1. Name the residue from Met35, Asn49, Asn72 whose Cα lies farthest towards the positive end of the charge dipole of the chain, charges +1 on Cβ of Lys and Arg and -1 on Cβ of Asp and Glu.
2. Could you derive backbone 3J(HN,Hα) for region 35-44 from the dihedral phi with the Karplus parameters 6.51, -1.76 and 1.60 (θ = phi - 60°), listing whole Hz in sequence and x where the residue is Gly or Pro?
3. Under 5 Å between amide hydrogens, which residues at least 5 positions from Gly48 or on another chain qualify, with H placed 1.01 Å from N in the peptide plane?
4. What does the extension gain come out to for His59 and Val30, with contour length at 0.36 nm per residue minus their alpha carbon separation?
5. From the phi angles alone, apply the Karplus equation (6.51, -1.76, 1.60; θ = phi - 60°) to region 18-27 and give each ³J(HN,Hα) in whole Hz, x where the residue is Gly or Pro.
6. What percent does the relative contact order of the chain come to when contacts are Cα pairs within less than 8 Å and at least six residues apart?
7. Which whole number in µm²/s is D for the chain by Stokes-Einstein, with the Kirkwood Rh taken over Cα pairs at 10 °C and 1.306 mPa s?
8. Output wanted: per-residue J couplings in Hz (rounded whole) for region 68-79, from phi through Karplus 6.51 cos²θ - 1.76 cosθ + 1.60, θ = phi - 60°, x for Gly and Pro.
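The values are calculated or read from the model by the stated rules, or taken from the named source; none is laboratory data. None of these values were measured; they are calculated from a predicted model. Note that each Cβ is placed from the backbone with ideal geometry, even for glycine, and that neighbours are counted across all protein chains shown. Only protein heavy atoms, including side chains, enter the accessible area calculation; ligands, DNA and RNA are left aside. Shrake-Rupley method; radii C 1.70, N 1.55, O 1.52, S 1.80 Å.
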Amino acid sequence: MDEQAMRLSADFLAEEWAELHCYVCDDALVLEQQMTGTVVGSMLGLAGNGSRISFRMPHVFEFRDGLISRENVWLDTAAVLDQLG
């Protein structure tokens, strides 16, 4: 896990997640989730102050030989900034 992912995991306590969309093909999967939780540290440079927020988080998984070979994740930063700013 890279430093950014570890920081996000420490500063954002995920409480609920809902699957919005899931698309599958032979060598990839796209999953869009709605994440809800509490920002106990800072997120995107803004203090969370214990705020409960919700945002979309799309994932793209690529597969090789039946295993995940790569994952990309994005956050709906505009939604996060709107709720914390």
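1. Farthest along the dipole direction, towards plus: Asn49.
2. 9, 9, x, 10, 8, 8, x, 10, 9, 6
3. The answer is Gly41, Ser42, Met43.
4. 9.9 nm
5. 10, 7, 8, 8, 8, 10, 10, 9, 4, 10
6. RCO, the chain: 23 percent.
7. Using the Kirkwood radius from Cα pairs, D works out to 115 µm²/s.
8. Per-residue couplings from phi come out as 5, 9, 6, 9, 10, 10, 10, 10, 6, 5, 4, 5 Hz.
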